[in-house]
Each structure stands twice: as structure tokens, then as C-alpha cells.
Amino acid sequence: MMAINVQTLIPLFVAIPLGMSLLVQLVARRRHAVAETLTIITLLALTLMSGLSVGQSGIYHLGGWPTPVGIDMRLDALATLLLLVVSVVGLAVSLYSVDYMRRFTARSHFYSLFLLMVTGMNGVILAGDLFNLYVFLEVAAIASYSLVAFGCAHEELEASFKYIVLGSLSSALILTGVALVYGMTGTLNLAHIASRIAETGMSMPLLLAFGLFICGFAFKAALVPFHAWLPDAHPSAPAPVSAMLSGVLIKALGVYVLARLAFNVFGIGANELSLLRWLGLLSMVAGGLLAVGQKDIKRLFAYSSISQVGFMVLGLGLGTPLGLIGGLYHLVNHAMFKPLLFLNAGAIEYATGSRDLRQLGGLNRQLPVTAATSMIGSMSIAGIPPFNGFWSKLIIVLACIESGFYGFATAAVLVSIVTLAYQLKVQRMAFFAALPEALKDLQREPPMMALAMILLAVGCIVLSFAILTGLRDPWLIGAAQQALTAGIFGG
Amino acid sequence: MIYSLCLLLILVGLYGVVVSRETLKIVISILIMNHGVHLLLLLIGYREAGNPPIVDPGASIASFANGAVDPLPQAMVLTSIVIGLGVLALMVALCVRLYERYGTFDITEIRRLRG
């Protein structure tokens, strides 16, 4: 393979989607086909670039200024993993939007905001200092607030207002944390902060800052005491946006930053680890139990997202290499099957006009691609053995047992069973029950929507085989775990 | 002392967000909270009787670093204010749209989402 200088790629991860989102507004305000093509090409390019940067790392100095003065963007194995996930899910979602968004007006705005959201997430992943992390976080957040309200109906506006109020609160907490860290260490660069903290140890204000970060980013990741916005915001958005929000936004803005700050910057201790574990346990259990009773498919999947994020944070909170691998592997898996399930729900809504499980039934004849891919997604998320979700949950449970937390392991197993229960409920009520009279003659799903769902289903199956390569080898996920354990480089 | 006043301002904003019933009052409370955070950031770079952070030609860097206030928090606050403006515009637009749909600013009457 041709050696690519990764240094030249790093700024492009942010610059390309940012430039394209402006270009879409300039050239394609009325020509929707152009906007669609530009978005798909952009996401294809990003997927290619993140594929090329696998196994490489580097620091890009913005404007050529050296580190203490200028702004850094850093790429390591963990960042590559997240970039790859964002690009692949973004590609599937942009393919899906071509057909799905036909019902909406002002579609070029949708594509602009979508690209801005990708810009923000890529920026957060690559940011080398706290303040730029905050800025990109706000870019992604503002784009997602307006995408949730995109349909401008009653529920969407209400959900978006809830989301923006809680999102602004969490951003204020995060900014306060940034201010405290800058006041105590005199630097914003992540690597410098890490080395200062390693020298001086944690003082009271730094502990307060860390607490503020945990609250702020737990808001963004929708961990349980901070989850109130997610079950409203994610189902109300158009299906491609729900897929993006649940699939990657809560991970890039929440789980990733939490892991980066906890392990690489603050050098987390036993107390903080147990806090993460308990947050994870709480979200896992509460999200799972709340999902069972839902009648709205997308709302059910939204609660399920809370539960699955709990699994990831529980894995990360163990702090052992096996736990980190389990958490990161589950993060990647969830980024495949949750968008898939949301796209399935969108396809059902597109065909039948309803998301209420009680009004659906017998769709496996009417929507064969949706039914087949949704079966794969359901089995993956529920942890049925050959599929990817089983392996990541197994690793998390094994890591719990390895660290001696038998209670957490039992809870994880029980929540897996709850997951199976609510996924079976969706399968039975939407796809297998008797077909209601009203749904006798449905159209098949349009080709691009089917293509996007097949892409993500194939992603699930491919990730199932990742276990065979041996995750401890410094391959994608193993390398990301090593990046978390080894600490931040450069400076 | 003055730090605790910033904290007070943040808490006033937080209190407003929690107890307000009108969408616009919630927006104003968030604004107050944000400005509390901005003041805290500015205070961190503040130095009593400090010079403006402009390097005179010929002046040594060491004497500049000893005398001037820290310009970095000021730059950050400026950025953060601009971000806040974007969020504020979006929030107010949402309030207007909500008023068009529901005919009220009262959040206890804007509740179709449940579960």
C-alpha cells in the first residue's frame, strides 16, 4: 500500500465536510440531486481517508505554529477508530437520506447541517486541546439541535427545545471545567495538561473540573441521571438524523471524550473508575427496563441506546485492558446496529406512516429488506452468539469477572436478556404478527434506503468476524485500547 | 471572593432554568449562566493592575510576561460569546416556532412527548 503522509490528512477531516457544507448552500440550494451527490462523495472521501490513516498517528500544527503557541490536532489509534465509525455510518445515512428526505422541503439545508455535524464530530475526535474540543462540540451540538427540529412539527420543536436547554447547560458545565483546568495548569493542550497533572497530582479545583467534565459529557452521552433529553430528541428527528445521533453523536461527543479525558488526561484513579462503573450500570439497567414498555419503535430504540451506552461505560470503567477492549468493541458494534435499527424504523414509518407497534404487523412479506436487516440488527444488539453484539457483551462480562465484580457481571447478563426481550417484542409486533387490513398494499422500500440498510447489516456481520483476528493484537480496536492505556503522546 | 460571585451568577442562571415556566425566561436564564462562566474565564486571566497584553517593540518578553494580563482567556471568551450568540439565535427561533404551534410560552402546556 502506498504510504500516505497522515499529517496532510488530519486537517482535511475537518476542512472537507466544513467546506462542503458551505458549498452545498452556495451551489445546490434548489438542485437537490447535486446536494445529495456532494454529500455522498464527501462521506466516501472521509471513509477512504480514515481507512488510509489506520495504523498511523501524527500531530498537525495549525498554521505551522509550534505546540505551546499554536493549535494542535492529533490523530492516534483511538481517534482513527472513531473517525472510521463516523464516516461509515455517515456514508450509510447519506445514502439513505436520498430517498427518505424526499418528503421534506429545503433538503439542501438538511445536507448542510448534516455535514456540519460530521465536521463537529471529526473536530472533537481530532482536537488536541480542550478549548477546540469545546468549540467543535458546540458545532456538532448546534447542528444536531436544528436537525432534531428539522420537520418543524409540534413534537420535533418540543424535543429540540428540551435538547437545546439541557445541551446548553452541559456545555456551560464543560466550559467551567475548561476554565478551571486552564487556571490550575496554565495550559489547554491535552498532552501538557496530562504531564502537569502527573507532576502535581490532583488538587481540589482539578477534581472539581473533572467532576464537571463527567457531568457535562455524561449529559452528551445520555448516561442515566442525565438522560432526559435523549428519549425525546432521538425519536423526534427524521430517521437518518436519529441514526446519526444514536449511532455516533453520543459516542463521539460523550463516551469518546469521557474516555480520553479520564484515561489520557486526568490519569483516573480507583474512585473515579468506580463512579464510571456505577453510571454505566445505572444507564444499562434503567435504559433497558424503560425500553421494554415502549410502544413507539423509535422511542424504544432510543431507550435501548441509553442501555447500550451503559454497557460501554461499564466496560471502560473497569479500567483493565480487557474491559477497555470490551467497551470500545461494543462502541463500534453499537455504531453499526443501532443506526441500522433506526433506519429500519424509518423505512417502516416511510412505508406505513406509523411508528406505533400496535398498528403494525406482518411486515416481513411487505418490506423484505427491512425485515431481513432488522433481524440481523436485533440479533446483534440482543447478543445472539454468532453476531458482533454477543462477542462485545461477552468480553465485558468476562472483564467484570476478571476484575472480581461478580455483581456487575450478573447485571450485564440480565440486561442482555432484557435487551433480547424488547428486540423480540419489536420483531414479533412489527414483522411477524398478522398483517392489519390497512397495510395490505404497501410499496417496497426504495433502492437507496435498502442499500444503506444492507451496508450497515454487512458491517454488523463483518464486525462479528473481528473477534477471529484476536482483539488483543494491535489491530484497530486493540490499538485503540493501547492508545488509551499508554497515555497521550507528543506535546 | 470575586470567584464566588461568579459561582453565584452561574447558580442564579441554573435556578432560573430549573424553576422558570416560560420558554423565553429559560433562554434568559441560560444566558445569565453562560455569562457567569465567561466572567470566571476572564477572572482567571486577570491580574491586578496588569498591562494590556500588547508587546511593545523593544520590550523584553520576560517583563511582558510579568506585567501583562493573560490574553488567552479573553480570546476564549470572545469565541464562546460568538458560540453563545448562535445558540441564542437558535433558541429564540425555536421559542417563536413553539409559540406558532402551541400558542403559548408556558412549558407546562408544551408537553406532547411522554413515556
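The values are calculated or read from the model by the stated rules, or taken from the named source; none is laboratory data. Treat the numbers as computed from the prediction; the structure is a model and nothing was measured. Cβ placement follows ideal geometry from the backbone for every residue including glycine, while neighbour counts extend to all protein chains displayed. Accessible surface areas use protein heavy atoms only, side chains included; no ligands, DNA or RNA. Shrake-Rupley method; radii C 1.70, N 1.55, O 1.52, S 1.80 Å.
Among the candidates A:G151, A:G216, A:G177, A:G211, the residue that is assigned to a helix (DSSP H, G or I) and under 27 Å from B:C95 (Cα atoms) is uniquely A:G216. Find the residue count for region A:26-41, including only residues that are in contact with a Phe, Trp or Tyr (Cβ under 9 Å, 6 or more places away or on another chain) and in a helix (DSSP H, G or I). Total satisfying the criteria: 5. Taking the criterion of being part of a helix (DSSP H, G or I), within 14 Å of chain B (Cβ to nearest Cβ) and among the small types (G, A, S), the only residue of region A:180-201 that qualifies is A:G183.
Considering only region B:42-53, I want to know if a residue exists there that is under 15 Å from A:L175 (Cβ atoms) and open to solvent by less than 20 Å² (accessible area, probe 1.4 Å). The answer is yes; a qualifying residue exists.
Only a single criterion out of (1) surrounded by fewer than 17 Cβ atoms within 10 Å (Cβ to Cβ); (2) in a helix (DSSP H, G or I) is not satisfied by A:V54, namely (2). Looking at region A:58-82 only, could you name the residues that are touching a Ser or Thr at 6+ places or on another chain (Cβ under 8 Å) and in a loop (DSSP other than H, G, I, E, B)? Listed by number, the residues that qualify are A:P68, A:D76.
Residues checked against (1) surrounded by 24 or more Cβ atoms within 10 Å (Cβ to Cβ); (2) closer than 17 Å to A:A172 by Cβ; (3) touching a strand residue (DSSP E or B) at 6+ places or on another chain (Cβ under 9 Å):
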| position | (1), (2), (3) |
| --- | --- |
| A:G216 | yes, yes, no |
| A:P235 | yes, no, yes |
| A:A243 | yes, no, no |
| A:S246 | yes, no, no |
| A:A259 | yes, no, no |
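Residues that are among the acidic types (D, E) and either open to solvent by less than 10 Å² (accessible area, probe 1.4 Å) or within 9 Å of chain B (Cβ to nearest Cβ) (or both) within region A:128-178 comprise A:E138, A:E155, A:E158, listed in sequence order. The conditions of being open to solvent by 10 Å² or more (accessible area, probe 1.4 Å), in a helix (DSSP H, G or I) and of a type outside the set (F, W, Y) are met by A:L91. When the test is whether a residue is open to solvent by 20 Å² or more (accessible area, probe 1.4 Å), touching a Gly at 6+ places or on another chain (Cβ under 7 Å) and among the hydrophobic types (A, V, I, L, M, F, W, C), A:A433 passes it. Scanning region B:87-104 for residues that are within 15 Å of A:I164 (Cβ to Cβ) and more than 7 Å from every other protein chain (Cβ to nearest Cβ) yields B:L88, B:A89, B:V92, B:A93, B:C95, B:V96.
Scanning region A:282-303 for residues that are closer than 20 Å to A:L258 by Cα and within 14 Å of chain B (Cβ to nearest Cβ) yields a single hit, A:G287. A search for C-beta distances below 8 Å between a residue of region B:60-79 that is on the phi < 0 side of the Ramachandran plot and any residue that is open to solvent by 50 Å² or more (accessible area, probe 1.4 Å) and at pLDDT 85 or above, counting only pairs 6+ apart in sequence or on different chains, returns B:P73/B:L42; B:Q74/B:L42; B:V77/B:L42. Taking region A:370-386 as the range and being open to solvent by less than 30 Å² (accessible area, probe 1.4 Å) and of a type in the set (A, V, I, L, M, F, W, C) as the test, the residues that pass are A:A371, A:I381, A:A382. Here A:L115 meets the list (1) buried (at least 23 other Cβ atoms within 10 Å of the Cβ); (2) within 14 Å of chain B (Cβ to nearest Cβ); (3) among the aliphatic types (A, V, I, L, M) almost entirely, failing just condition (2). In a residue-by-residue description of region A:348-369, the property of being aromatic (F, W, Y), open to solvent by less than 10 Å² (accessible area, probe 1.4 Å) and away from every other protein chain (no Cβ under 14 Å) applies to no position.
Do we have B:V77 as open to solvent by less than 60 Å² (accessible area, probe 1.4 Å), hydrophobic (A, V, I, L, M, F, W, C), part of a helix (DSSP H, G or I) and more than 9 Å from chain A (Cβ to nearest Cβ) here? Answer is yes for this residue. Scan region A:219-236 for residues that are in a helix (DSSP H, G or I), among the hydrophobic types (A, V, I, L, M, F, W, C) and away from chain B (no Cβ under 11 Å) and the total you get is 5. For the criterion of being in contact (Cβ under 8 Å) with a residue 60 or more places away in the chain and either part of a helix (DSSP H, G or I) or on the phi > 0 side of the Ramachandran plot (or both), B:L98 passes. Report yes if some residue within region B:6-25 is modelled with pLDDT under 90, within 12 Å of chain A (Cβ to nearest Cβ) and open to solvent by less than 40 Å² (accessible area, probe 1.4 Å); otherwise report no. Yes: region B:6-25 contains one or more residues that are modelled with pLDDT under 90, within 12 Å of chain A (Cβ to nearest Cβ) and open to solvent by less than 40 Å² (accessible area, probe 1.4 Å).
Can you spot a residue in region B:29-41 that is open to solvent by 20 Å² or more (accessible area, probe 1.4 Å) and more than 22 Å from A:S171 (Cβ to Cβ)? No - not one qualifying residue is present in region B:29-41.
Take A:I384 and tell me if it is part of a helix (DSSP H, G or I) and either touching an Asp or Glu at 6+ places or on another chain (Cβ under 7 Å) or of a type in the set (A, V, I, L, M) (or both). So A:I384 fails the test.
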